[in-house]
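Here's the structure, in structure tokens; my notes come after.
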Amino acid sequence: MKILGIETSCDETGVCVLDARGDINNDFAFDVKGNALASQTSIHALYGGVFPNLAKREHQKNLVPMLEIALQEAGDLRETQAPLSAKTSAMLLTTLEREGSLRESLVGFLSKYEKPDIDAVAVTYGPGLEPALWVGLNFAKALARAWDVPLVGVNHMEGHIAVSCMEFSDTTGHMRETRFPILSLLISGGHTELVLSKEWMRYELIGQTRDDAVGEAFDKVARMLGLPYPGGPEISRLAEEARHKKITPDFKLPRPMLREDNYDFSFSGLKTAVKKIVDARALLNVERKHMIAREFEDTVADVLIGKTIRAVEEFGVETIVVGGGVSANTYIRSELARRLAEKGFVTQLLIPPPKLSTDNAIMIALAGYFRAQKKEFADFETLKATGNLSLA
Ligand code: KG4
Ligand code: ZN
């Protein structure tokens, strides 16, 4: 089955063509035929964060070019002489009524190219920034209608879990061996969650952040240190340098909620604690920045790993899946593995390659395939962008 995956929940515009086969329970495998990603981070960096309406405009601009690249890579971009039917033109007018320039570019695309060899369109419909989600969703609806193929609505967080469960070798991949129960630690710019699954695609939320998401905390602390957006990779780089140069912090940050008997998180107090340290001195020199980045990353790792390990013990977890942009963090990845080994746990640890940890369309096409296998196709009229969509 060939799936066109579309992702626009935040600041990455992703389109891919995935050729998938087999069953999630045993022989699932795939080829990434084409994959295109336009990152808006350098635009948002100018403002220090993501602005939903700016993200929306960028998605409107980037979707058709990304579609062309993905189909071109897949060898599935063939020119047509047939004019666009009146019915399709009318459909585009209504489906993309609110999408400004995107409608014109899609009219141009559909007038120029034949229907590709695609069996279904999968798109993120939540969680995320609603104005951004709507663009991708309306675009997916327009394509699925124009090509007369089914539409699959994908939960972005299920996409992060799905991609983490795959073994990749270049552009092909397959399902890694997994044992239940699975615990997913989902850490991104919008989420910090611990989710338990006793079978595929069923989720029980056992803990979540009560305020800021962990990626958001990375981004805000980076801003305090005068580092660009997105802050995660910047903080991580400084923290790594500090460890390497043996720059040891002369202060300690609180480990919020680490000792509390639940699986919830809180990062807003931590952010305030960092602000106090920053404000305590008139000058924020390079050494001080190194200390703050290192202690902040240590703290976040302690809290995330502490709670994860406790959940592994309590629920007899056999597989840990780590997903979301923050799972690209080298220190959190290696510390989690180290501490599990130190405890003598044989729990499997599944983390995607760093470049698939952050948002992309492959993860959406993977989850879309699994939903399509269950015949969970979307109703074009009722599927809505849902900013606060949850897994459970
Ligand atoms: O999953 P993602 O790409 O988008 C959302 O769904 O939110 O996650 C983006 C978040 C940002 O907050 C970014 O700072 C963080 O992931 N991030 C990192 C690293 N790379 C990205 N955080 C810590 N260390 C990293 N290496
Ligand atoms: Zn994400």
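Within the range 168-217, being within 19 Å of Glu314 (Cβ to Cβ) and of a type in the set (Ser, Thr, Tyr) holds for Ser184, Thr192, Ser197, Tyr203. Can you tell me which residue is nearest to Val303 (Cα to Cα) among those in the range 230-254 that are under 18 Å from the mean Cα position of the chain (by Cα) and surrounded by 21 or more Cβ atoms within 10 Å (Cβ to Cβ)? Taking the candidates together, the pick is Gly232.
Yes/no per residue for (1) in a helix (DSSP H, G or I); (2) of a type outside the set (Ser, Thr, Tyr); (3) surrounded by fewer than 14 Cβ atoms within 10 Å (Cβ to Cβ):
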residue	(1), (2), (3)
His59	yes, yes, no
Pro83	no, yes, yes
Met91	yes, yes, no
Ser105	yes, no, no
Thr124	no, no, no
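Mind listing whichever residues of the range 12-40 are farther than 24 Å from Arg98 by Cα and not in a strand (DSSP E or B)? Once the filter is applied, which keeps residues that are farther than 24 Å from Arg98 by Cα and not in a strand (DSSP E or B), the range 12-40 yields Gly22, Asp23, Ile24, Asn25, Asn26, Asp27, Phe28. Scanning the range 72-83 for residues that are modelled with pLDDT of 95 or more and either charged (D, E, K, R) or farther than 30 Å from Asp31 by Cα (or both) gives Glu73, Asp76, Arg78, Glu79.
In the range 172-184, the residue that is surrounded by the fewest Cβ atoms within 10 Å (Cβ to Cβ) out of those that are over 11 Å from Ala29 (Cα atoms) and of a type in the set (Val, Ile, Thr) is Thr178. For the range 195-206, the condition of being within 16 Å of ligand 2 (Cβ to nearest atom) and surrounded by 23 or more Cβ atoms within 10 Å (Cβ to Cβ) holds for at least one residue. Does the range 349-392 hold any residues that are part of a loop (DSSP other than H, G, I, E, B), basic (Lys, Arg) and on the phi < 0 side of the Ramachandran plot, and which are they? Of everything in the range 349-392, those that are part of a loop (DSSP other than H, G, I, E, B), basic (Lys, Arg) and on the phi < 0 side of the Ramachandran plot turn out to be Lys374, Lys384.
Restricting attention to the range 128-157, which residues are among the charged types (D, E, K, R) and in contact (Cβ under 8 Å) with a residue 40 or more places away in the chain?
The answer is Glu130, Lys141, Arg145.
The values are calculated or read from the model by the stated rules, or taken from the named source; none is laboratory data. Small disclaimer: the values here were computed from a predicted structure and weren't measured. Don't worry about glycine lacking a Cβ; one is built from the backbone with ideal geometry, like all the others, and counts go over all protein chains shown.
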